[in-house]
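Everything on this sheet refers to the single structure shown next.
The values are calculated or read from the model by the stated rules, or taken from the named source; none is laboratory data. Being a predicted model, the structure only gives us computed values, none of them experimental. We place every Cβ from the backbone using ideal geometry, glycine too, and count neighbours over all the protein chains shown.
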Amino acid sequence: MIKKQLTILTPIFLFSIFFAQKKKDGLDKEKLIQELSDNACKCADSISLLNRNKSDILKDVHHCIDEQTGGLQMGILFGSVETLERNAPVVNGKKQIALNFDTNKDSKQYIESYNELERYLMKNCASVKNIAVVSETNDEGFSDDKEAMNFYHTGRELTEKKDWKGAIENYEKAVKKDPKFIYAWDALGINYRRNEEFDKAVSAYETSLKLDPKGKMALQNIPIVYIYKKEFQKAIDSYMDLDKVYPGDPEVYYGIGNVYFNGLKNDEKGLDYLCKAYRIYNNQKSPYRSDAESMIASIYKSMKEKGKTEKFKEILKNNNIGSE
(Lines give C-alpha, C1' and ligand atoms only; values in the text may rest on other atoms or scores of the structure.)
Protein backbone atom coordinates (compact mmCIF):
# COMPACT_ATOMS: atom_id res chain seq x y z
CA MET A 1 0.00 0.00 0.00
CA ILE A 2 1.39 3.39 -1.01
CA LYS A 3 0.15 6.21 1.17
CA LYS A 4 0.38 8.96 -1.47
CA GLN A 5 0.92 9.06 -5.22
CA LEU A 6 4.18 10.58 -6.42
CA THR A 7 3.97 13.63 -8.65
CA ILE A 8 7.66 14.11 -9.53
CA LEU A 9 8.45 12.39 -12.83
CA THR A 10 12.24 12.27 -12.65
CA PRO A 11 12.43 10.21 -9.43
CA ILE A 12 9.78 7.83 -10.81
CA PHE A 13 11.93 7.31 -13.89
CA LEU A 14 14.88 6.54 -11.64
CA PHE A 15 12.74 4.09 -9.65
CA SER A 16 11.94 2.23 -12.87
CA ILE A 17 15.61 2.05 -13.88
CA PHE A 18 16.74 0.79 -10.50
CA PHE A 19 13.83 -1.59 -10.10
CA ALA A 20 14.73 -3.14 -13.46
CA GLN A 21 18.37 -3.31 -12.34
CA LYS A 22 17.27 -4.94 -9.12
CA LYS A 23 15.56 -7.73 -11.04
CA LYS A 24 18.81 -8.52 -12.86
CA ASP A 25 21.65 -7.80 -10.47
CA GLY A 26 20.22 -6.70 -7.13
CA LEU A 27 19.62 -3.09 -6.12
CA ASP A 28 22.79 -0.97 -6.08
CA LYS A 29 21.88 1.34 -3.22
CA GLU A 30 25.17 3.22 -3.29
CA LYS A 31 24.74 3.99 -6.97
CA LEU A 32 21.21 5.23 -6.34
CA ILE A 33 22.43 7.49 -3.52
CA GLN A 34 25.15 8.84 -5.83
CA GLU A 35 22.67 9.51 -8.67
CA LEU A 36 20.19 11.32 -6.44
CA SER A 37 22.92 13.23 -4.58
CA ASP A 38 24.36 14.40 -7.89
CA ASN A 39 20.93 15.84 -8.72
CA ALA A 40 20.79 17.56 -5.32
CA CYS A 41 24.33 18.89 -5.81
CA LYS A 42 23.42 20.41 -9.19
CA CYS A 43 20.46 22.07 -7.46
CA ALA A 44 22.80 23.43 -4.74
CA ASP A 45 25.14 24.76 -7.45
CA SER A 46 22.37 27.15 -8.51
CA ILE A 47 21.72 28.59 -5.03
CA SER A 48 22.57 32.28 -4.82
CA LEU A 49 24.70 33.29 -1.82
CA LEU A 50 24.86 37.05 -2.41
CA ASN A 51 22.93 39.44 -0.15
CA ARG A 52 20.82 36.68 1.34
CA ASN A 53 19.87 35.64 4.84
CA LYS A 54 21.86 32.56 5.91
CA SER A 55 18.74 30.74 7.12
CA ASP A 56 17.15 31.19 3.67
CA ILE A 57 20.24 29.71 2.03
CA LEU A 58 20.05 26.65 4.30
CA LYS A 59 16.34 26.31 3.46
CA ASP A 60 17.28 26.17 -0.22
CA VAL A 61 19.78 23.40 0.49
CA HIS A 62 17.11 21.53 2.42
CA HIS A 63 14.76 21.87 -0.57
CA CYS A 64 17.42 20.46 -2.92
CA ILE A 65 17.86 17.38 -0.72
CA ASP A 66 14.14 17.05 -0.03
CA GLU A 67 13.39 16.85 -3.76
CA GLN A 68 15.53 13.72 -4.05
CA THR A 69 14.61 12.05 -0.76
CA GLY A 70 11.44 10.44 -2.11
CA GLY A 71 13.55 8.84 -4.83
CA LEU A 72 15.77 7.14 -2.28
CA GLN A 73 12.77 6.08 -0.18
CA MET A 74 11.12 4.42 -3.16
CA GLY A 75 14.37 2.91 -4.40
CA ILE A 76 14.92 1.25 -1.03
CA LEU A 77 11.32 0.01 -1.05
CA PHE A 78 11.76 -1.53 -4.50
CA GLY A 79 15.00 -3.06 -3.30
CA SER A 80 13.08 -4.88 -0.56
CA VAL A 81 10.55 -6.45 -2.97
CA GLU A 82 12.40 -9.77 -3.24
CA THR A 83 12.52 -10.20 0.54
CA LEU A 84 8.88 -9.16 0.92
CA GLU A 85 7.87 -11.51 -1.88
CA ARG A 86 9.29 -14.54 -0.07
CA ASN A 87 7.12 -13.86 2.98
CA ALA A 88 4.06 -12.41 1.24
CA PRO A 89 0.62 -13.99 1.75
CA VAL A 90 -1.00 -15.72 -1.25
CA VAL A 91 -4.44 -14.44 -2.29
CA ASN A 92 -6.27 -16.09 -5.19
CA GLY A 93 -3.09 -17.80 -6.22
CA LYS A 94 -1.05 -14.59 -6.30
CA LYS A 95 1.35 -13.16 -3.75
CA GLN A 96 0.26 -9.80 -2.35
CA ILE A 97 3.09 -7.31 -1.61
CA ALA A 98 2.47 -4.05 0.25
CA LEU A 99 4.93 -1.19 -0.27
CA ASN A 100 4.50 1.53 2.33
CA PHE A 101 5.82 4.84 0.97
CA ASP A 102 5.59 7.33 3.85
CA THR A 103 5.50 10.99 2.76
CA ASN A 104 5.44 12.25 6.35
CA LYS A 105 8.66 14.22 6.77
CA ASP A 106 8.80 13.29 10.45
CA SER A 107 8.70 9.58 9.62
CA LYS A 108 11.69 7.33 10.22
CA GLN A 109 11.66 6.28 6.55
CA TYR A 110 11.91 9.86 5.27
CA ILE A 111 14.46 11.01 7.87
CA GLU A 112 16.81 8.08 7.25
CA SER A 113 16.74 8.63 3.48
CA TYR A 114 17.21 12.41 3.84
CA ASN A 115 20.14 11.93 6.20
CA GLU A 116 21.84 9.43 3.88
CA LEU A 117 21.75 11.93 1.03
CA GLU A 118 22.92 14.75 3.27
CA ARG A 119 25.89 12.71 4.53
CA TYR A 120 26.94 11.92 0.97
CA LEU A 121 26.66 15.56 -0.09
CA MET A 122 28.73 16.81 2.85
CA LYS A 123 31.52 14.50 1.73
CA ASN A 124 31.23 14.88 -2.03
CA CYS A 125 29.43 18.09 -3.05
CA ALA A 126 31.58 21.23 -3.09
CA SER A 127 28.54 23.53 -3.24
CA VAL A 128 26.95 22.07 -0.09
CA LYS A 129 30.27 22.13 1.78
CA ASN A 130 30.81 25.76 0.76
CA ILE A 131 27.30 26.76 1.81
CA ALA A 132 27.89 25.14 5.21
CA VAL A 133 30.98 27.34 5.65
CA VAL A 134 29.27 30.49 4.35
CA SER A 135 26.39 30.00 6.78
CA GLU A 136 28.91 30.34 9.63
CA THR A 137 30.44 33.64 8.44
CA ASN A 138 29.36 37.27 8.54
CA ASP A 139 29.62 39.80 5.70
CA GLU A 140 31.70 42.48 7.43
CA GLY A 141 35.16 40.91 7.52
CA PHE A 142 36.44 41.91 4.10
CA SER A 143 38.64 44.87 3.16
CA ASP A 144 37.95 47.98 1.10
CA ASP A 145 41.59 48.03 0.05
CA LYS A 146 41.82 46.60 -3.48
CA GLU A 147 45.44 45.50 -3.14
CA ALA A 148 44.74 43.78 0.18
CA MET A 149 41.83 41.92 -1.44
CA ASN A 150 44.08 40.82 -4.32
CA PHE A 151 46.56 39.34 -1.84
CA TYR A 152 43.65 37.67 -0.03
CA HIS A 153 42.29 36.05 -3.20
CA THR A 154 45.75 34.84 -4.17
CA GLY A 155 46.07 33.38 -0.69
CA ARG A 156 42.79 31.52 -1.16
CA GLU A 157 43.92 30.11 -4.50
CA LEU A 158 47.16 28.86 -2.93
CA THR A 159 45.20 27.44 0.01
CA GLU A 160 43.10 25.39 -2.39
CA LYS A 161 46.37 24.03 -3.83
CA LYS A 162 47.50 23.21 -0.26
CA ASP A 163 50.43 25.59 -0.57
CA TRP A 164 50.23 26.75 3.03
CA LYS A 165 53.49 28.74 2.99
CA GLY A 166 52.55 30.58 -0.19
CA ALA A 167 49.10 31.33 1.23
CA ILE A 168 50.65 32.63 4.45
CA GLU A 169 52.91 35.02 2.52
CA ASN A 170 49.93 36.51 0.71
CA TYR A 171 47.70 36.75 3.78
CA GLU A 172 50.54 38.45 5.66
CA LYS A 173 50.78 40.99 2.81
CA ALA A 174 47.00 41.47 2.99
CA VAL A 175 47.01 42.34 6.71
CA LYS A 176 50.07 44.55 6.23
CA LYS A 177 48.10 46.56 3.65
CA ASP A 178 44.97 46.53 5.84
CA PRO A 179 45.62 45.65 9.51
CA LYS A 180 41.84 45.59 10.10
CA PHE A 181 41.20 42.88 7.48
CA ILE A 182 39.42 40.34 9.70
CA TYR A 183 39.04 37.51 7.20
CA ALA A 184 42.73 37.71 6.28
CA TRP A 185 43.68 37.35 9.96
CA ASP A 186 41.34 34.34 10.23
CA ALA A 187 42.82 32.82 7.08
CA LEU A 188 46.31 33.39 8.45
CA GLY A 189 45.33 31.50 11.60
CA ILE A 190 44.05 28.55 9.58
CA ASN A 191 47.18 28.35 7.42
CA TYR A 192 49.58 28.86 10.33
CA ARG A 193 47.87 25.90 12.00
CA ARG A 194 48.13 23.79 8.85
CA ASN A 195 51.82 24.70 8.69
CA GLU A 196 52.12 23.65 12.37
CA GLU A 197 52.95 27.18 13.52
CA PHE A 198 50.48 26.88 16.36
CA ASP A 199 51.46 29.89 18.49
CA LYS A 200 51.30 32.16 15.44
CA ALA A 201 47.86 30.71 14.67
CA VAL A 202 46.53 31.60 18.12
CA SER A 203 48.06 35.08 17.84
CA ALA A 204 46.36 35.66 14.44
CA TYR A 205 42.98 34.60 15.82
CA GLU A 206 43.43 36.83 18.89
CA THR A 207 44.16 39.78 16.59
CA SER A 208 40.98 38.98 14.67
CA LEU A 209 39.00 38.94 17.93
CA LYS A 210 40.36 42.34 18.93
CA LEU A 211 38.85 43.66 15.72
CA ASP A 212 35.63 41.71 16.13
CA PRO A 213 35.08 40.20 19.62
CA LYS A 214 32.16 38.20 18.20
CA GLY A 215 34.19 36.74 15.33
CA LYS A 216 32.91 33.21 15.05
CA MET A 217 35.68 31.92 12.79
CA ALA A 218 38.36 32.85 15.32
CA LEU A 219 36.35 31.66 18.33
CA GLN A 220 35.75 28.28 16.67
CA ASN A 221 39.32 27.79 15.53
CA ILE A 222 41.32 28.70 18.65
CA PRO A 223 40.22 25.49 20.42
CA ILE A 224 41.14 23.48 17.32
CA VAL A 225 44.72 24.78 17.59
CA TYR A 226 44.82 23.67 21.23
CA ILE A 227 43.56 20.23 20.19
CA TYR A 228 46.50 19.95 17.78
CA LYS A 229 48.79 20.99 20.62
CA LYS A 230 47.12 18.31 22.81
CA GLU A 231 46.26 21.00 25.36
CA PHE A 232 42.79 19.62 25.85
CA GLN A 233 41.67 21.64 28.86
CA LYS A 234 42.60 24.86 27.05
CA ALA A 235 40.55 23.60 24.12
CA ILE A 236 37.51 23.05 26.37
CA ASP A 237 38.00 26.49 27.98
CA SER A 238 38.14 28.06 24.50
CA TYR A 239 34.91 26.34 23.49
CA MET A 240 33.34 27.80 26.62
CA ASP A 241 34.53 31.24 25.44
CA LEU A 242 32.60 30.54 22.23
CA ASP A 243 29.57 29.61 24.31
CA LYS A 244 29.70 32.96 26.15
CA VAL A 245 29.34 34.82 22.86
CA TYR A 246 27.06 32.28 21.11
CA PRO A 247 25.17 30.47 23.88
CA GLY A 248 23.70 27.18 22.77
CA ASP A 249 25.72 27.05 19.55
CA PRO A 250 26.07 23.39 18.45
CA GLU A 251 29.76 23.92 17.63
CA VAL A 252 30.40 24.25 21.38
CA TYR A 253 28.87 20.84 22.10
CA TYR A 254 30.39 19.21 19.01
CA GLY A 255 33.84 20.56 19.83
CA ILE A 256 33.80 19.58 23.50
CA GLY A 257 32.40 16.16 22.57
CA ASN A 258 35.29 15.70 20.15
CA VAL A 259 37.82 16.67 22.82
CA TYR A 260 36.39 14.22 25.35
CA PHE A 261 36.12 11.34 22.87
CA ASN A 262 39.24 11.69 20.73
CA GLY A 263 41.46 13.65 23.12
CA LEU A 264 40.61 12.60 26.66
CA LYS A 265 39.25 9.15 25.68
CA ASN A 266 36.07 9.65 27.68
CA ASP A 267 33.34 8.00 25.59
CA GLU A 268 30.42 8.85 27.84
CA LYS A 269 31.09 12.57 28.22
CA GLY A 270 31.94 12.79 24.54
CA LEU A 271 28.66 11.11 23.59
CA ASP A 272 26.58 13.35 25.83
CA TYR A 273 27.97 16.53 24.27
CA LEU A 274 27.73 15.16 20.72
CA CYS A 275 24.08 14.19 21.27
CA LYS A 276 23.37 17.78 22.25
CA ALA A 277 25.15 19.02 19.11
CA TYR A 278 23.26 16.53 16.95
CA ARG A 279 19.85 17.63 18.25
CA ILE A 280 20.58 21.32 17.56
CA TYR A 281 22.01 20.59 14.09
CA ASN A 282 18.96 18.47 13.38
CA ASN A 283 16.55 21.23 14.44
CA GLN A 284 18.48 23.72 12.30
CA LYS A 285 18.51 21.30 9.35
CA SER A 286 22.24 21.96 9.24
CA PRO A 287 24.45 19.81 6.99
CA TYR A 288 26.88 19.57 9.91
CA ARG A 289 24.47 17.07 11.46
CA SER A 290 26.24 14.36 9.44
CA ASP A 291 29.54 15.10 11.23
CA ALA A 292 27.91 14.61 14.62
CA GLU A 293 26.24 11.43 13.38
CA SER A 294 29.55 10.04 12.20
CA MET A 295 31.27 10.68 15.53
CA ILE A 296 28.35 9.21 17.49
CA ALA A 297 28.71 6.07 15.35
CA SER A 298 32.42 5.93 16.26
CA ILE A 299 31.58 6.25 19.95
CA TYR A 300 29.03 3.45 19.61
CA LYS A 301 31.73 1.20 18.15
CA SER A 302 34.07 2.08 21.02
CA MET A 303 31.45 1.53 23.73
CA LYS A 304 30.26 -1.70 22.13
CA GLU A 305 33.80 -3.07 22.26
CA LYS A 306 33.85 -2.22 25.98
CA GLY A 307 30.46 -3.87 26.61
CA LYS A 308 28.75 -0.54 27.27
CA THR A 309 25.94 -0.60 24.71
CA GLU A 310 23.29 -0.16 27.41
CA LYS A 311 25.07 2.95 28.69
CA PHE A 312 25.22 4.22 25.11
CA LYS A 313 21.45 3.77 24.75
CA GLU A 314 20.87 5.43 28.13
CA ILE A 315 22.80 8.56 27.12
CA LEU A 316 20.91 8.75 23.82
CA LYS A 317 17.61 8.36 25.68
CA ASN A 318 18.56 11.11 28.14
CA ASN A 319 19.10 13.37 25.12
CA ASN A 320 15.77 12.32 23.53
CA ILE A 321 17.47 10.52 20.66
CA GLY A 322 16.25 7.10 19.51
CA SER A 323 18.87 4.31 19.47
CA GLU A 324 17.16 1.99 16.99
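Data overview
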item	result
So ALA235, is it assigned to a helix (DSSP H, G or I) and within 21 Å of LEU121 (Cα to Cα)	no
Residue within segment 232-246 that is surrounded by 15 or more Cβ atoms within 10 Å (Cβ to Cβ) and either of a type in the set (Val, Ile, Thr) or not assigned by TED's automatic domain parsing to the domain that holds ARG279 (or both) present	yes
Scan of segment 151-206 for residues that are charged (D, E, K, R), under 17 Å from VAL225 (Cβ atoms) and surrounded by fewer than 16 Cβ atoms within 10 Å (Cβ to Cβ), ordered by number	GLU196, ASP199, GLU206
Unmet criterion (only one of (1) farther than 21 Å from ARG193 by Cβ; (2) part of a helix (DSSP H, G or I); (3) at pLDDT 95 or above) for ILE256	(1)
Residue among ASN282, ASN319 that alone is surrounded by 14 or more Cβ atoms within 10 Å (Cβ to Cβ), in contact (Cβ under 8 Å) with a residue 24 or more places away in the chain and among the polar types (S, T, N, Q)	ASN319
Number of the exception - LYS265 against (1) among the basic types (Lys, Arg); (2) free of Cβ contacts under 8 Å to residues at least 24 places away in the same chain; (3) not in a loop (DSSP other than H, G, I, E, B)	(3)
Segments classed as helices (runs of 4 or more DSSP H), wholly inside segment 80-185, with at least 3 members that are at pLDDT 75 or above and not assigned by TED's automatic domain parsing to the domain that holds GLU35	146-160, 164-177
